[in-house]
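Asks: Next up is a structure, given as structure tokens.
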Amino acid sequence: MSMSKRHYEQVGVAMTCRSFAEYERMFALEPSILQEGRILDVASGASSFVAEANARGYSAQAADPLYSMDAASIQEHGEREIEVSTQKLNGIKEVYDWSYYGDLERHRGLREQSIQRFVEDFKRSEGTDIYRAARLPELPFESDTFSLVLCSHFLFLYQEQFDEEFHLRAIRELLRVCRKGGRVLIYPLFSLRWDRYPNLDSLLTALESDGVMAEMGTSELVFIPGSKEFLSLKK
Ligand SMILES: C[S@@+](CC[C@H](N)C(=O)[O-])C[C@H]1O[C@@H](n2cnc3c(N)ncnc32)[C@H](O)[C@@H]1O
């Protein structure tokens, strides 16, 4: 296989389902930051992060366009995505760092556990506002609400489908719903072709002129080739 083909082929935005443990590593989350106040996970898909966070006593909500669907349809969609992504990963296994997941079967097993946990919680949460159907660059939350806003595997990753203006509007919206002194954390900063987001400097300059403090954190979720940083924005 030629080098130019060794990226993850994707049409549209996939719906994946990472667990609390993966989020914890991805954003180097400590209990101190999780217990500061309300947490929002945006583009949360079928992730079990919110279910597991609430079970641990934190106060978390999730937002994703797919939450307008019913639980059975999300489950079907998510399980199909696990099949498809496992096949795609199998074709380019050698580009990834498997030191966290071990191997493809364990990776798949973790995804299956996470979607199961998500579906149970999604059903149980019917009638609450834990899972909100929402689509960036707009969110249906009051300003200054959350102390921690997370966005995993949506912004920057699909940079070929969403332009810089979208990214800036979306990040300003994440910051709008974040309270003063709170943080917005985004991972990865890479596309599915493993290129670091090329307009990051101009985007950060625009955010800094809004008064936001930007830092790079070291992600502990090794997997995507070369992707060791998450973006941490302090409002
Ligand atoms: C790759 S999944 C990531 C799911 C989860 N955060 C994780 O890390 O496993 C990307 C998610 O982005 C959602 N999405 C697509 N367009 C969106 C938008 N405009 N605003 C917010 N989320 C969006 C999709 O529905 C999908 O669930």
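Asks: For a paramagnetic label modelled at 7 Å from the Cα of residue 180 toward its Cβ, which residues of segment 209-229 fall within the zone defined by backbone nitrogen distances under 16 Å?
Replies: Backbone N within reach: 210-213.
Asks: Of all trypsin sites (Lys or Arg not before Pro) in segment 1-102, which ones are in loop regions per DSSP and have a Cβ with at most 16 other Cβ atoms within 10 Å?
Replies: For trypsin sites (Lys or Arg not before Pro) across segment 1-102 that sit outside H, G, I, E and B with at most 16 neighbouring Cβ atoms in 10 Å, the list reads 6, 56.
Asks: Still on this model: Which residues' amide hydrogens lie under 5 Å from the amide hydrogen of residue 182, considering only partners 5 or more residues apart or on another chain, with H built in the peptide plane?
Replies: For residue 182, the qualifying residues are 235.
Asks: Test of understanding: in a Gaussian network model of the chain with alpha carbons linked when under 10 Å, which of 110, 189, 150 would top the mean-square fluctuation ranking?
Replies: Evaluated over the chain, the most mobile residue of the options is 110.
Asks: Additional query: Report the relative contact order of the chain, percent, no decimals, based on alpha-carbon pairs under 8 angstrom and at least 6 residues apart.
Replies: It rounds to 25 percent for the chain.
Asks: For segment 141-200, rounded, prolate or oblate, judged on the Cα gyration tensor with a ≥ b ≥ c (square roots of eigenvalues), a/c < 1.5 rounded, else prolate if a/b > b/c?
Replies: On the way: a/c = 2.80, a/b = 2.02, b/c = 1.38.
Taking the square roots of the gyration eigenvalues as a ≥ b ≥ c, segment 141-200 is prolate.
Asks: If one computes the Cα centroid of segment 192-223 and of segment 137-188, what distance in Å separates the two points?
Replies: 12
Asks: Something else: In deg cm²/dmol, rounded to 500, what helix-only [θ] at 222 nm does the chain give when every DSSP H run of at least 4 residues adds -39500 (n - 2.57) and the total is split over its residues?
Replies: Result for the chain: -11000 deg cm²/dmol, rounded to the nearest 500.
Asks: Arranged by the count of other C-beta atoms within 10 angstrom, fewest first, what order do 131, 58 take? Show your work: numbers first, answer last.
Replies: On the way: 131 23, 58 20.
Lowest count first: 58, 131.
Asks: Each label point is 7 Å from the Cα along the Cα-to-Cβ direction; what then is the distance between the points at residue 222 and residue 234, in nm?
Replies: If labels sit at residue 222 and residue 234, their model points lie 2.9 nm apart.
Asks: Please state the shape class of segment 101-235: rounded when a/c is under 1.5, otherwise prolate if a/b exceeds b/c and oblate if not, all from the C-alpha gyration tensor.
Replies: Values: a/c = 1.89, a/b = 1.14, b/c = 1.65.
Since a/c reaches 1.5 but b/c is at least a/b, the shape of segment 101-235 is classed as oblate.
Asks: Do any GluC sites (Glu not before Pro) in segment 94-196 lie in a loop, going by DSSP, with at most 11 other beta-carbon atoms within 10 Å of their beta carbon, and if so which? List each step's numbers first, then the result.
Replies: Working: sites: 94, 105, 112, 120, 126, 138, 142, 160, 164, 165, 173; in loops: 126, 138, 142, 160.
For GluC sites (Glu not before Pro) across segment 94-196 that sit outside H, G, I, E and B with at most 11 neighbouring Cβ atoms in 10 Å, the list reads 126, 138, 142, 160.
Asks: How do 114, 85 rank when sorted from fewest to most other Cβ atoms within 10 Å of their own Cβ? Kindly include the intermediate steps, with their values, before the conclusion.
Replies: Numbers: 114 26, 85 18.
So the ranking, lowest neighbour count to highest, is 85, 114.
Asks: Also: At residue 124 and residue 73, where each label point lies 7 Å from the Cα along Cα→Cβ, what is the point-to-point distance in nanometres?
Replies: According to this spin-label approximation, the distance is 2.4 nm.
Asks: Quick one: compute a quarter of the convex hull surface over the Cα atoms of the chain and quote it in nm². Provide the component values of the computation, followed by the final result.
Replies: Details: hull surface 47.6 nm².
Taking a quarter of the hull surface, the average projection is 11.9 nm².
Coordinate-derived values only; no laboratory data. Since the model is a prediction, treat every value here as computed from it, not as a measurement. Backbone-built Cβ (ideal geometry, glycine too); neighbour counts: all protein chains shown.
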